[in-house]
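This report refers to the structure that appears directly beneath it.
The values are calculated or read from the model by the stated rules, or taken from the named source; none is laboratory data. Worth saying up front: this structure is predicted, and the values here are computed from it rather than measured. Here the Cβ is made from the backbone with ideal geometry for all residues, glycine too, and neighbour counts use every protein chain on show. Side chains included, ligands, DNA and RNA excluded: accessible areas come from the protein's heavy atoms. Shrake-Rupley method; radii C 1.70, N 1.55, O 1.52, S 1.80 Å.
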Amino acid sequence: MSTLKKFAGQTLIYGLSTVIARLLNFVLTPILVKVYPTSVYGILTNLYSWAAILNAILAFGMETTFFRYLQKHEDNKERVYNTTFFFIVLTSVVFIVGTLLFAGDISYWLFAEKGPERTIYIYYFAFILTADALAVIPFAQLRAQEKPLRFGLIKLANILIYVFFTVLLILVFPFIIKNNLPGAEWLSGWLRPKWIGYVFLANLIASMVTLILLIPEISKLKLQANKKLMKEMLWYSLPILVANLSFIINENLDKIFLTKLLPIDIGERDLGIYGACSKIAIFLSIFIQAFRLGAEPFFFSHAKNPNARKTYAIIMDYFVVAISLAVVALVANIEILKFFIKGGDAIQQAQYWSGLPVVPVLLMGYIFLGIYMNLSIWYKLSDQTKYGLYISGVGAILTIVLNIIFIPKYSYVASAWITMLAYFTMMVLSYFLGQRNYPIPYHTKKNMSYIVAAALISWLSFSIFNRNLFIGNALFFIFIIIAFLVERKQLIKLIVKKDDH
(Lines give C-alpha, C1' and ligand atoms only; values in the text may rest on other atoms or scores of the structure.)
Protein backbone atom coordinates (compact mmCIF):
# COMPACT_ATOMS: atom_id res chain seq x y z
CA MET A 1 0.00 0.00 0.00
CA SER A 2 1.36 3.41 -0.91
CA THR A 3 2.02 5.96 1.81
CA LEU A 4 -0.67 8.23 0.36
CA LYS A 5 -3.25 5.44 0.49
CA LYS A 6 -2.24 4.66 4.07
CA PHE A 7 -2.56 8.31 4.98
CA ALA A 8 -5.99 8.49 3.31
CA GLY A 9 -7.17 5.34 5.08
CA GLN A 10 -6.15 6.49 8.55
CA THR A 11 -7.49 9.99 7.95
CA LEU A 12 -10.79 8.44 6.81
CA ILE A 13 -11.12 6.57 10.11
CA TYR A 14 -10.18 9.65 12.12
CA GLY A 15 -12.50 11.66 9.91
CA LEU A 16 -15.49 9.35 10.29
CA SER A 17 -15.16 9.24 14.07
CA THR A 18 -14.69 13.01 14.20
CA VAL A 19 -17.57 13.67 11.81
CA ILE A 20 -19.96 11.40 13.69
CA ALA A 21 -18.92 12.88 17.02
CA ARG A 22 -19.24 16.47 15.80
CA LEU A 23 -22.56 15.77 14.08
CA LEU A 24 -23.94 14.33 17.30
CA ASN A 25 -22.69 17.43 19.08
CA PHE A 26 -24.24 19.56 16.34
CA VAL A 27 -27.60 17.88 17.01
CA LEU A 28 -27.51 19.61 20.39
CA THR A 29 -27.33 23.05 18.79
CA PRO A 30 -31.00 23.29 17.72
CA ILE A 31 -32.00 21.91 21.13
CA LEU A 32 -29.89 24.40 23.04
CA VAL A 33 -30.92 27.44 21.00
CA LYS A 34 -34.56 26.41 21.43
CA VAL A 35 -34.26 26.02 25.20
CA TYR A 36 -31.99 28.99 25.92
CA PRO A 37 -32.32 32.63 24.77
CA THR A 38 -29.35 34.28 23.07
CA SER A 39 -28.02 35.81 26.31
CA VAL A 40 -27.86 32.43 28.09
CA TYR A 41 -26.37 30.74 25.04
CA GLY A 42 -23.80 33.51 25.18
CA ILE A 43 -22.72 32.29 28.65
CA LEU A 44 -22.11 28.83 27.20
CA THR A 45 -20.10 30.26 24.27
CA ASN A 46 -18.06 32.44 26.63
CA LEU A 47 -17.10 29.58 28.95
CA TYR A 48 -16.17 27.20 26.14
CA SER A 49 -14.03 29.93 24.57
CA TRP A 50 -12.08 30.20 27.81
CA ALA A 51 -11.93 26.41 28.03
CA ALA A 52 -10.30 26.24 24.59
CA ILE A 53 -7.56 28.65 25.71
CA LEU A 54 -6.95 26.75 28.94
CA ASN A 55 -6.86 23.43 27.09
CA ALA A 56 -4.00 24.74 24.98
CA ILE A 57 -2.11 25.90 28.07
CA LEU A 58 -2.55 22.60 29.90
CA ALA A 59 -1.47 20.54 26.87
CA PHE A 60 1.62 22.82 26.60
CA GLY A 61 2.17 21.85 22.97
CA MET A 62 3.21 18.40 24.18
CA GLU A 63 1.14 16.54 21.59
CA THR A 64 3.28 17.70 18.66
CA THR A 65 6.43 17.41 20.79
CA PHE A 66 5.45 13.84 21.61
CA PHE A 67 5.41 12.82 17.93
CA ARG A 68 8.65 14.63 17.17
CA TYR A 69 10.55 12.99 20.02
CA LEU A 70 9.17 9.55 19.25
CA GLN A 71 10.80 9.96 15.86
CA LYS A 72 14.07 11.14 17.41
CA HIS A 73 14.15 8.43 20.14
CA GLU A 74 12.82 5.37 18.38
CA ASP A 75 15.05 3.17 20.54
CA ASN A 76 13.46 4.34 23.81
CA LYS A 77 9.86 5.34 23.24
CA GLU A 78 8.84 4.49 26.81
CA ARG A 79 11.00 7.30 28.13
CA VAL A 80 9.24 9.76 25.82
CA TYR A 81 5.81 8.46 26.90
CA ASN A 82 6.57 8.74 30.60
CA THR A 83 8.34 12.10 30.51
CA THR A 84 5.54 13.72 28.53
CA PHE A 85 2.80 12.28 30.73
CA PHE A 86 4.62 13.28 33.92
CA PHE A 87 4.72 16.90 32.82
CA ILE A 88 1.01 16.94 31.89
CA VAL A 89 0.08 15.47 35.29
CA LEU A 90 2.21 18.08 37.06
CA THR A 91 0.60 21.04 35.26
CA SER A 92 -2.89 19.55 35.72
CA VAL A 93 -2.48 19.26 39.49
CA VAL A 94 -1.30 22.87 39.75
CA PHE A 95 -4.21 24.03 37.59
CA ILE A 96 -7.02 22.25 39.42
CA VAL A 97 -5.79 23.22 42.89
CA GLY A 98 -5.44 26.87 41.89
CA THR A 99 -8.82 26.98 40.14
CA LEU A 100 -10.72 25.39 43.04
CA LEU A 101 -9.10 27.76 45.54
CA PHE A 102 -10.03 30.90 43.57
CA ALA A 103 -13.27 29.78 41.89
CA GLY A 104 -15.31 32.61 43.41
CA ASP A 105 -12.89 35.29 42.24
CA ILE A 106 -12.72 33.75 38.75
CA SER A 107 -16.52 33.75 38.56
CA TYR A 108 -16.67 37.42 39.55
CA TRP A 109 -14.07 38.34 36.93
CA LEU A 110 -15.89 36.45 34.18
CA PHE A 111 -19.46 37.41 34.97
CA ALA A 112 -19.16 40.53 37.15
CA GLU A 113 -20.95 38.68 39.93
CA LYS A 114 -19.94 36.35 42.75
CA GLY A 115 -22.06 33.58 44.22
CA PRO A 116 -22.87 29.87 44.01
CA GLU A 117 -25.03 30.29 40.87
CA ARG A 118 -22.09 30.77 38.50
CA THR A 119 -19.18 29.69 40.69
CA ILE A 120 -20.32 26.09 40.25
CA TYR A 121 -19.66 26.49 36.52
CA ILE A 122 -16.02 27.14 37.40
CA TYR A 123 -15.89 23.95 39.50
CA TYR A 124 -17.31 21.92 36.64
CA PHE A 125 -14.79 23.29 34.14
CA ALA A 126 -11.86 22.77 36.52
CA PHE A 127 -12.52 19.04 36.50
CA ILE A 128 -13.47 18.91 32.79
CA LEU A 129 -10.23 20.60 31.73
CA THR A 130 -8.11 18.45 34.05
CA ALA A 131 -9.65 15.23 32.75
CA ASP A 132 -9.19 16.38 29.15
CA ALA A 133 -5.54 17.31 29.79
CA LEU A 134 -4.77 13.91 31.32
CA ALA A 135 -6.22 12.25 28.21
CA VAL A 136 -3.94 14.14 25.78
CA ILE A 137 -0.94 11.78 25.88
CA PRO A 138 -2.94 8.51 25.96
CA PHE A 139 -4.81 9.72 22.87
CA ALA A 140 -1.53 10.77 21.21
CA GLN A 141 -0.12 7.34 22.01
CA LEU A 142 -3.02 5.69 20.17
CA ARG A 143 -2.32 7.86 17.15
CA ALA A 144 1.41 7.11 17.28
CA GLN A 145 0.68 3.37 17.46
CA GLU A 146 -1.66 3.76 14.46
CA LYS A 147 -4.79 2.68 16.32
CA PRO A 148 -7.31 5.08 14.78
CA LEU A 149 -10.24 2.73 15.41
CA ARG A 150 -9.79 2.65 19.20
CA PHE A 151 -9.10 6.38 19.16
CA GLY A 152 -12.31 7.01 17.22
CA LEU A 153 -14.48 4.73 19.35
CA ILE A 154 -13.41 6.42 22.58
CA LYS A 155 -13.97 9.87 21.08
CA LEU A 156 -17.38 8.70 19.89
CA ALA A 157 -18.24 7.34 23.33
CA ASN A 158 -17.32 10.71 24.82
CA ILE A 159 -19.75 12.64 22.65
CA LEU A 160 -22.52 10.03 22.96
CA ILE A 161 -22.38 10.30 26.74
CA TYR A 162 -22.32 14.09 26.55
CA VAL A 163 -25.32 14.22 24.22
CA PHE A 164 -27.24 11.61 26.23
CA PHE A 165 -26.92 13.39 29.58
CA THR A 166 -27.54 16.82 28.06
CA VAL A 167 -30.78 15.66 26.44
CA LEU A 168 -31.75 13.78 29.59
CA LEU A 169 -31.26 16.78 31.89
CA ILE A 170 -32.64 19.60 29.75
CA LEU A 171 -35.35 17.80 27.74
CA VAL A 172 -36.39 14.39 29.07
CA PHE A 173 -36.56 15.17 32.78
CA PRO A 174 -38.47 18.47 32.24
CA PHE A 175 -40.87 16.57 29.93
CA ILE A 176 -41.51 13.99 32.67
CA ILE A 177 -42.27 16.75 35.19
CA LYS A 178 -44.48 18.72 32.78
CA ASN A 179 -46.61 15.67 31.94
CA ASN A 180 -46.61 14.30 35.51
CA LEU A 181 -45.14 10.96 34.43
CA PRO A 182 -43.74 8.39 36.90
CA GLY A 183 -40.83 9.94 38.77
CA ALA A 184 -42.09 13.50 38.24
CA GLU A 185 -42.45 14.20 41.97
CA TRP A 186 -38.89 13.08 42.72
CA LEU A 187 -37.44 15.01 39.79
CA SER A 188 -39.30 18.22 40.63
CA GLY A 189 -37.68 18.14 44.06
CA TRP A 190 -34.22 18.87 42.69
CA LEU A 191 -34.33 19.60 38.95
CA ARG A 192 -33.79 23.22 37.92
CA PRO A 193 -35.59 23.78 34.61
CA LYS A 194 -33.50 25.39 31.85
CA TRP A 195 -30.36 25.61 33.98
CA ILE A 196 -27.36 25.94 31.66
CA GLY A 197 -25.19 24.22 34.26
CA TYR A 198 -26.61 20.86 33.22
CA VAL A 199 -24.78 21.16 29.88
CA PHE A 200 -21.50 21.52 31.76
CA LEU A 201 -22.38 18.65 34.11
CA ALA A 202 -23.00 16.38 31.11
CA ASN A 203 -19.61 17.38 29.72
CA LEU A 204 -17.94 16.55 33.03
CA ILE A 205 -19.51 13.07 33.09
CA ALA A 206 -18.36 12.44 29.51
CA SER A 207 -14.78 13.58 30.24
CA MET A 208 -14.51 11.37 33.32
CA VAL A 209 -15.82 8.30 31.47
CA THR A 210 -13.33 8.98 28.66
CA LEU A 211 -10.50 8.96 31.17
CA ILE A 212 -11.76 5.62 32.52
CA LEU A 213 -11.84 4.15 29.00
CA LEU A 214 -8.20 5.21 28.55
CA ILE A 215 -7.06 3.31 31.66
CA PRO A 216 -5.36 0.56 29.55
CA GLU A 217 -3.12 3.23 28.02
CA ILE A 218 -2.69 5.22 31.23
CA SER A 219 -1.77 2.11 33.23
CA LYS A 220 1.26 1.58 30.97
CA LEU A 221 2.57 5.08 31.70
CA LYS A 222 4.78 5.81 34.68
CA LEU A 223 5.10 9.04 36.63
CA GLN A 224 8.80 9.33 36.07
CA ALA A 225 10.65 11.85 33.96
CA ASN A 226 14.08 12.03 32.42
CA LYS A 227 15.25 15.52 33.39
CA LYS A 228 17.49 16.03 30.37
CA LEU A 229 14.80 14.84 27.98
CA MET A 230 12.14 16.94 29.66
CA LYS A 231 14.29 20.05 29.35
CA GLU A 232 14.79 19.37 25.63
CA MET A 233 11.11 18.70 25.11
CA LEU A 234 10.05 21.84 26.97
CA TRP A 235 12.33 24.02 24.86
CA TYR A 236 10.92 22.42 21.72
CA SER A 237 7.36 22.65 23.04
CA LEU A 238 7.39 26.23 24.35
CA PRO A 239 7.15 27.90 20.92
CA ILE A 240 4.44 25.39 19.97
CA LEU A 241 2.53 26.28 23.13
CA VAL A 242 2.69 29.97 22.29
CA ALA A 243 1.77 29.21 18.69
CA ASN A 244 -1.17 27.03 19.76
CA LEU A 245 -2.23 29.65 22.25
CA SER A 246 -2.06 32.34 19.61
CA PHE A 247 -4.15 30.14 17.33
CA ILE A 248 -6.74 29.60 20.07
CA ILE A 249 -6.76 33.34 20.70
CA ASN A 250 -7.49 33.91 17.02
CA GLU A 251 -10.34 31.40 17.25
CA ASN A 252 -11.89 32.42 20.57
CA LEU A 253 -10.74 35.79 21.88
CA ASP A 254 -13.20 37.68 19.70
CA LYS A 255 -16.02 35.87 21.52
CA ILE A 256 -14.56 36.83 24.89
CA PHE A 257 -14.13 40.46 23.77
CA LEU A 258 -17.82 40.72 22.88
CA THR A 259 -18.76 40.51 26.56
CA LYS A 260 -15.92 42.82 27.60
CA LEU A 261 -16.15 45.56 24.95
CA LEU A 262 -19.95 45.81 24.75
CA PRO A 263 -22.52 46.40 27.51
CA ILE A 264 -22.95 43.05 29.28
CA ASP A 265 -26.55 42.45 28.12
CA ILE A 266 -25.77 43.33 24.49
CA GLY A 267 -22.48 41.44 24.62
CA GLU A 268 -24.04 38.18 25.86
CA ARG A 269 -26.87 38.50 23.31
CA ASP A 270 -24.50 39.12 20.38
CA LEU A 271 -22.17 36.39 21.62
CA GLY A 272 -25.10 33.99 21.62
CA ILE A 273 -25.94 34.92 18.00
CA TYR A 274 -22.30 34.69 16.90
CA GLY A 275 -21.73 31.42 18.72
CA ALA A 276 -24.83 29.82 17.19
CA CYS A 277 -23.99 30.96 13.64
CA SER A 278 -20.44 29.70 14.11
CA LYS A 279 -21.93 26.24 14.62
CA ILE A 280 -23.04 26.19 10.98
CA ALA A 281 -19.38 26.42 10.03
CA ILE A 282 -18.62 23.45 12.28
CA PHE A 283 -18.64 21.04 9.34
CA LEU A 284 -15.51 22.64 7.95
CA SER A 285 -13.93 22.58 11.40
CA ILE A 286 -14.66 18.83 11.45
CA PHE A 287 -12.81 18.34 8.18
CA ILE A 288 -9.78 20.33 9.36
CA GLN A 289 -9.60 18.47 12.67
CA ALA A 290 -9.87 15.08 10.95
CA PHE A 291 -7.09 16.08 8.58
CA ARG A 292 -4.84 17.21 11.43
CA LEU A 293 -5.38 13.99 13.39
CA GLY A 294 -4.26 11.92 10.42
CA ALA A 295 -1.67 14.28 8.99
CA GLU A 296 0.52 15.13 11.97
CA PRO A 297 1.75 11.62 12.85
CA PHE A 298 1.90 10.75 9.12
CA PHE A 299 4.09 13.76 8.29
CA PHE A 300 6.52 12.96 11.09
CA SER A 301 6.71 9.23 10.39
CA HIS A 302 7.44 9.81 6.67
CA ALA A 303 9.86 12.71 7.09
CA LYS A 304 12.86 10.55 6.16
CA ASN A 305 11.24 9.31 2.95
CA PRO A 306 13.17 10.75 -0.04
CA ASN A 307 9.85 11.63 -1.70
CA ALA A 308 8.37 13.17 1.46
CA ARG A 309 8.19 16.77 0.24
CA LYS A 310 6.55 15.75 -3.02
CA THR A 311 4.03 13.73 -1.01
CA TYR A 312 3.27 16.73 1.21
CA ALA A 313 2.59 18.84 -1.88
CA ILE A 314 0.16 16.25 -3.28
CA ILE A 315 -1.65 16.08 0.05
CA MET A 316 -1.99 19.86 -0.02
CA ASP A 317 -3.55 19.65 -3.51
CA TYR A 318 -6.31 17.31 -2.39
CA PHE A 319 -6.82 19.19 0.84
CA VAL A 320 -7.44 22.45 -1.03
CA VAL A 321 -9.82 20.78 -3.49
CA ALA A 322 -11.81 19.11 -0.72
CA ILE A 323 -12.06 22.15 1.54
CA SER A 324 -13.01 24.45 -1.36
CA LEU A 325 -15.82 22.10 -2.39
CA ALA A 326 -16.97 21.87 1.23
CA VAL A 327 -17.24 25.65 1.57
CA VAL A 328 -19.34 25.96 -1.59
CA ALA A 329 -21.58 23.08 -0.46
CA LEU A 330 -22.24 24.68 2.92
CA VAL A 331 -22.98 28.15 1.52
CA ALA A 332 -25.22 26.69 -1.19
CA ASN A 333 -27.33 24.95 1.46
CA ILE A 334 -27.33 27.58 4.17
CA GLU A 335 -31.12 28.00 3.80
CA ILE A 336 -31.44 24.44 5.11
CA LEU A 337 -28.65 24.62 7.68
CA LYS A 338 -30.10 27.77 9.28
CA PHE A 339 -32.96 25.73 10.75
CA PHE A 340 -30.46 24.15 13.12
CA ILE A 341 -30.33 27.50 14.92
CA LYS A 342 -34.03 28.33 14.66
CA GLY A 343 -34.62 29.31 18.29
CA GLY A 344 -37.62 28.72 20.52
CA ASP A 345 -39.91 31.45 19.16
CA ALA A 346 -40.16 34.03 16.37
CA ILE A 347 -38.15 36.65 18.28
CA GLN A 348 -35.31 34.25 19.08
CA GLN A 349 -35.37 32.96 15.49
CA ALA A 350 -34.97 36.46 14.10
CA GLN A 351 -32.11 37.13 16.51
CA TYR A 352 -30.19 33.95 15.68
CA TRP A 353 -30.74 34.24 11.91
CA SER A 354 -29.62 37.86 11.88
CA GLY A 355 -26.05 36.55 12.13
CA LEU A 356 -26.15 34.36 9.00
CA PRO A 357 -24.15 36.82 6.81
CA VAL A 358 -21.00 36.07 8.84
CA VAL A 359 -21.12 32.35 8.02
CA PRO A 360 -19.46 32.58 4.54
CA VAL A 361 -16.78 34.82 6.05
CA LEU A 362 -16.08 32.28 8.80
CA LEU A 363 -15.93 29.49 6.22
CA MET A 364 -13.33 31.33 4.14
CA GLY A 365 -11.36 31.85 7.33
CA TYR A 366 -11.40 28.08 7.89
CA ILE A 367 -9.94 27.54 4.40
CA PHE A 368 -6.97 29.74 5.31
CA LEU A 369 -6.64 28.08 8.71
CA GLY A 370 -6.64 24.59 7.20
CA ILE A 371 -3.98 25.52 4.66
CA TYR A 372 -1.90 27.14 7.40
CA MET A 373 -2.08 23.94 9.48
CA ASN A 374 -0.94 21.99 6.42
CA LEU A 375 1.89 24.43 5.75
CA SER A 376 3.05 24.48 9.37
CA ILE A 377 4.68 21.09 9.04
CA TRP A 378 7.83 22.76 7.68
CA TYR A 379 8.86 24.37 10.95
CA LYS A 380 7.95 21.28 12.98
CA LEU A 381 10.03 18.94 10.82
CA SER A 382 12.99 21.30 10.65
CA ASP A 383 12.95 21.94 14.43
CA GLN A 384 12.30 25.63 13.87
CA THR A 385 9.18 25.87 16.02
CA LYS A 386 10.07 29.47 16.86
CA TYR A 387 8.56 30.39 13.50
CA GLY A 388 5.24 28.97 14.61
CA LEU A 389 5.42 31.38 17.52
CA TYR A 390 6.19 34.32 15.26
CA ILE A 391 3.50 33.53 12.69
CA SER A 392 0.66 32.83 15.10
CA GLY A 393 1.84 35.73 17.24
CA VAL A 394 1.25 38.09 14.32
CA GLY A 395 -2.22 36.59 13.92
CA ALA A 396 -2.96 37.01 17.60
CA ILE A 397 -1.82 40.65 17.60
CA LEU A 398 -4.07 41.37 14.61
CA THR A 399 -6.97 39.67 16.37
CA ILE A 400 -6.49 41.58 19.63
CA VAL A 401 -5.84 45.04 18.19
CA LEU A 402 -8.49 44.99 15.46
CA ASN A 403 -11.18 43.52 17.70
CA ILE A 404 -10.57 46.19 20.32
CA ILE A 405 -10.91 48.86 17.62
CA PHE A 406 -13.90 47.52 15.70
CA ILE A 407 -16.07 45.43 18.06
CA PRO A 408 -17.57 48.49 19.85
CA LYS A 409 -18.91 49.69 16.48
CA TYR A 410 -19.51 46.53 14.42
CA SER A 411 -19.87 43.80 17.10
CA TYR A 412 -19.52 40.19 15.89
CA VAL A 413 -19.49 41.17 12.20
CA ALA A 414 -16.08 42.73 12.80
CA SER A 415 -14.98 39.60 14.67
CA ALA A 416 -15.76 37.34 11.71
CA TRP A 417 -13.86 39.46 9.19
CA ILE A 418 -10.91 39.94 11.54
CA THR A 419 -10.68 36.18 12.13
CA MET A 420 -10.54 35.59 8.37
CA LEU A 421 -7.87 38.29 7.96
CA ALA A 422 -5.75 36.83 10.77
CA TYR A 423 -5.82 33.33 9.26
CA PHE A 424 -5.06 34.68 5.79
CA THR A 425 -2.04 36.58 7.15
CA MET A 426 -0.78 33.49 8.98
CA MET A 427 -1.17 31.36 5.86
CA VAL A 428 0.78 33.80 3.68
CA LEU A 429 3.58 34.23 6.24
CA SER A 430 3.93 30.47 6.73
CA TYR A 431 4.08 29.85 2.99
CA PHE A 432 6.85 32.36 2.24
CA LEU A 433 8.91 31.53 5.33
CA GLY A 434 8.49 27.82 4.65
CA GLN A 435 9.61 28.07 1.05
CA ARG A 436 12.72 29.89 2.20
CA ASN A 437 13.63 27.53 5.04
CA TYR A 438 12.11 24.17 4.06
CA PRO A 439 10.95 24.34 0.42
CA ILE A 440 8.10 22.06 -0.62
CA PRO A 441 6.96 22.00 -4.28
CA TYR A 442 3.37 23.13 -3.74
CA HIS A 443 1.22 23.83 -6.81
CA THR A 444 0.44 27.33 -5.60
CA LYS A 445 -1.28 28.79 -8.66
CA LYS A 446 -3.66 25.87 -9.01
CA ASN A 447 -4.51 25.88 -5.32
CA MET A 448 -5.12 29.63 -5.37
CA SER A 449 -7.48 29.14 -8.30
CA TYR A 450 -9.62 26.75 -6.28
CA ILE A 451 -9.75 29.15 -3.33
CA VAL A 452 -10.72 32.13 -5.51
CA ALA A 453 -13.36 30.01 -7.28
CA ALA A 454 -14.82 28.91 -3.93
CA ALA A 455 -14.99 32.52 -2.70
CA LEU A 456 -16.58 33.75 -5.93
CA ILE A 457 -19.21 31.00 -6.08
CA SER A 458 -20.03 31.48 -2.39
CA TRP A 459 -20.51 35.21 -2.91
CA LEU A 460 -22.76 34.64 -5.93
CA SER A 461 -24.83 32.02 -4.12
CA PHE A 462 -25.25 33.98 -0.89
CA SER A 463 -25.43 37.61 -1.98
CA ILE A 464 -26.35 37.81 -5.66
CA PHE A 465 -28.81 34.88 -5.81
CA ASN A 466 -30.07 35.46 -2.23
CA ARG A 467 -29.28 31.94 -0.95
CA ASN A 468 -31.46 30.26 -3.59
CA LEU A 469 -31.07 26.52 -3.02
CA PHE A 470 -31.45 25.47 -6.67
CA ILE A 471 -29.01 28.01 -8.09
CA GLY A 472 -26.53 27.52 -5.26
CA ASN A 473 -26.45 23.73 -5.70
CA ALA A 474 -26.26 24.07 -9.48
CA LEU A 475 -23.14 26.18 -9.05
CA PHE A 476 -21.80 23.61 -6.58
CA PHE A 477 -22.44 20.77 -9.07
CA ILE A 478 -20.61 22.68 -11.82
CA PHE A 479 -17.69 23.24 -9.44
CA ILE A 480 -17.52 19.49 -8.73
CA ILE A 481 -17.43 18.65 -12.45
CA ILE A 482 -14.66 21.17 -13.13
CA ALA A 483 -12.60 19.90 -10.17
CA PHE A 484 -12.99 16.30 -11.33
CA LEU A 485 -11.94 17.14 -14.87
CA VAL A 486 -8.86 18.99 -13.61
CA GLU A 487 -7.85 16.28 -11.10
CA ARG A 488 -8.94 13.08 -12.87
CA LYS A 489 -5.47 12.11 -14.12
CA GLN A 490 -3.90 12.49 -10.70
CA LEU A 491 -6.78 10.61 -9.08
CA ILE A 492 -6.42 7.69 -11.46
CA LYS A 493 -2.68 7.67 -10.90
CA LEU A 494 -3.17 7.59 -7.13
CA ILE A 495 -5.72 4.76 -7.28
CA VAL A 496 -3.68 2.44 -9.50
CA LYS A 497 -0.32 3.22 -7.92
CA LYS A 498 0.90 0.42 -5.66
CA ASP A 499 3.90 2.01 -4.03
CA ASP A 500 5.38 5.51 -4.01
CA HIS A 501 8.65 4.74 -2.32
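Quick check: net charge around Val35, other residues with Cβ under 14 Å of its Cβ, Lys/Arg +1 and Asp/Glu -1? Before the final figure, lay out each step's value.
Values: positive: Lys34, Lys178, Arg192, Lys194, Lys342; negative: Asp345.
Result for the local shell: +4.
Can you give the direction-averaged projected area of the convex hull of the alpha-carbon atoms in segment 357-501, in nm²?
On the way: hull surface 44.6 nm².
Dividing the Cα hull surface by four gives the mean projection, 11.2 nm².
If you average over every viewing direction, what projected area does the convex hull of the Cα atoms of segment 48-205 give, in nm²?
11.3
Can you tell me the accessible area per residue over segment 184-313, all protein chains present, probe 1.4 angstrom, in square angstrom?
With the other protein chains kept in place, segment 184-313 gives 43 Å² per residue.
Distance check, please: which entries in Lys227/Lys380; Lys72/Lys446; Lys260/Lys380 exceed 25 angstrom between their Cα atoms?
Lys72/Lys446; Lys260/Lys380
How much of the calculated P(r) for segment 337-392 lies past 18 Å, in percent of all Cα pairs?
The proportion of pairs with Cα distances above 18 Å equals 55 percent.
Probe 1.4 Å, all protein chains in place: accessible area of Phe283 in Å², nearest 10?
60
Only Lys, Arg, Asp and Glu count, each charged at its Cβ (+1, +1, -1, -1), so figure out the dipole size of segment 352-481 about its Cα centre, rounded to 20 debye.
Its charge dipole is roughly 120 debye.
Please report, for the Cα atoms of segment 33-87, the Rg to one decimal and the Dmax as a whole number; what are they, in angstrom?
18.4, 56
Residue-wise, which Karplus ³J(HN,Hα) couplings in Hz belong to segment 41-53, taking 6.51 cos²θ - 1.76 cosθ + 1.60, θ = phi - 60°, and x for glycine or proline?
4, x, 4, 4, 4, 4, 5, 6, 5, 5, 4, 4, 5
Kindly provide the helix-only [θ] at 222 nm of the chain, computed as the sum of -39,500 (n - 2.57) over DSSP H runs of four or more divided by all residues, to the nearest 500 deg cm²/dmol?
Calculated at 222 nm, the ellipticity per residue is -27500 deg cm²/dmol.
Using a 1.4 angstrom probe with every protein chain in place, what is the largest-first accessible-area order of Phe484, Phe470?
Of Phe484, Phe470, the descending order of accessible area is Phe470, Phe484.
Which ³J(HN,Hα) values in Hz, rounded to whole numbers, follow from the phi angles of segment 343-352 under the Karplus curve 6.51 cos²θ - 1.76 cosθ + 1.60, where θ = phi - 60° and Gly and Pro get x?
With coefficients 6.51, -1.76 and 1.60, one gets x, x, 8, 4, 5, 5, 4, 4, 5, 5 Hz.
Please give the net charge around Ser219, taking every other residue with its beta carbon less than 15 angstrom from that of Ser219, where Lys and Arg add +1 and Asp and Glu add -1.
With Lys, Arg at +1 and Asp, Glu at -1, the neighbours total +1.
Once you place label points 7 Å from the Cα toward the Cβ at Ala474 and Ala453, how far apart are they in nm?
1.9
How long are the three semi-axes of the equivalent ellipsoid of segment 163-288, in whole Å, if each is the root of 5 times an eigenvalue of the C-alpha gyration tensor, listed from largest down? Please report the intermediate quantities before stating the final value.
Details: eigenvalues 280, 144, 36 Å².
They are 37, 27, 13 Å, listed largest first.
When the accessible area of the chain is computed with all protein chains present and a 1.4 Å probe, what percentage of it is carbon and sulfur?
Using a 1.4 Å probe with all protein chains present, the chain comes out at 70 percent carbon and sulfur.
Once phi is turned into θ = phi - 60°, what whole-Hz ³J(HN,Hα) does the Karplus curve with 6.51, -1.76 and 1.60 give for every residue of segment 251-257, x standing for Gly and Pro?
7, 10, 5, 4, 5, 5, 4
How many percent of all Cα-Cα pairs in segment 299-371 sit more than 21 Å apart?
For segment 299-371, the share of Cα pairs beyond 21 Å comes to 48 percent.
What ranking do 196-202, 431-437 get when scored by the average of other Cβ atoms within 10 Å per residue, highest first?
Highest to lowest by the protection proxy: 196-202, 431-437.
Relative contact order for the chain using alpha-carbon pairs under 8 Å, separation at least 6, rounded to a whole percent?
25
Could you sort the peptides 456-468, 368-380, 97-109 by per-residue average Cβ neighbour count (10 Å cutoff), highest mean leading?
368-380, 456-468, 97-109
Convert 37 °C to kelvin, take the viscosity as 0.692 mPa s, use the Kirkwood radius over C-alpha pairs of segment 383-431 as Rh, and evaluate the Stokes-Einstein diffusion coefficient in µm²/s, rounded to a whole number.
Rounded, D is 293 µm²/s.
D for segment 223-347, whole µm²/s, Stokes-Einstein with Kirkwood Rh over alpha-carbon pairs at 20 °C and 1.002 mPa s: what number? Walk me through the numbers before you get to the answer.
Numbers: Rh = 18.7 Å.
Rounded, D is 115 µm²/s.
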